[in-house]
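Reviewing the structure listed below.
Any read-out appearing in this document is the output of simple, stated calculations on the displayed coordinates, not a laboratory observation. Bear in mind the structure is a predicted one, so any value in this text is a computation, not a measurement. Cβ placement follows ideal geometry from the backbone for every residue including glycine, while neighbour counts extend to all protein chains displayed.
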């Protein structure tokens, strides 16, 4: 046994008392601040559930066709969507998709500006990088505890936990993409008298867009990886079906729900990767000219 050098109980008690104080005095304000996220999630979920299945088929398969201009990916997407419908997983899949989309949209709005800020300041990068490391390595159950204490079981803590888990890749890849833009291109744009804002939006972001889109892809995958954990606190969806399979020892329920999550991951991964390849090809042609 390692010797007890210091008594950590006062520190633990102080942390618990501090969180309880936050819940008592700021719980209502924090819930009000997170309410727009709940509205976003509920709106997306209601829209997906209310949309006819055949229309979602047409939209998603059409997007897959636009991403590749090839029949293989649309055929894969069609088979994947048929699997969700035939196995009776459609409504749960829409709930899971809504959580993923809401988390991804929130992460995009928050992470890209932070990535831009990091690319412009070494000091900011040195401060934010350890925070991103902590967000990626800290077990999600650890920050689920204060989230559930503040907001209670439900969709808000599940969405917040998904956002925290899925944000770091997009921040890192936005920073990397902007810093990887050819200095010669930046110098050429600077010689034309462009302002920093014009260089950012007219040169850096367009050239870094494939890398940023790769970050969006990774964010989407990590958001889907959280659905089982999020379902433990009331998020529902396919993750809840997996939990029911565990609780009832129903192998088929857990297996098919898990395959449903895999199917969604394949659909979004292949589509976003294909759009990224299109952007890279266009930028390559532009540079070749």
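Which log10 I(q)/I(0) values does region 153-289 give at q = 0.13, 0.17, 0.18, 0.22 Å⁻¹ under the Debye formula, counting every alpha carbon as one identical point scatterer?
Evaluating at q = 0.13, 0.17, 0.18, 0.22 Å⁻¹ gives log10 I(q)/I(0) of -0.69, -0.92, -0.98, -1.23.
Whole Å is fine, so just give me how far the alpha carbon centre of region 155-189 lies from that of region 1-77.
18
For 92, 175, 269, 182, what ranking results if the residue with the fewest other Cβ atoms within 10 Å of its Cβ goes first?
With the sparsest Cβ surroundings first, the list reads 182, 269, 92, 175.
Between rounded, prolate and oblate, where does the chain land on the alpha carbon gyration tensor, with a ≥ b ≥ c its root eigenvalues, rounded for a/c under 1.5, else prolate if a/b exceeds b/c?
oblate
Take 155, 277 and order them by how many other Cβ atoms sit within 10 Å, fewest up front.
277, 155
In deg cm²/dmol and to the nearest 500, what is the mean residue ellipticity at 222 nm of the chain if only DSSP H runs of at least 4 residues count, each as -39500 (n - 2.57), divided by the residue total?
-29000 deg cm²/dmol
Among 22, 181, rank each residue by its count of other Cβ atoms within 10 Å, from fewest to most, as a rough exposure measure.
22, 181
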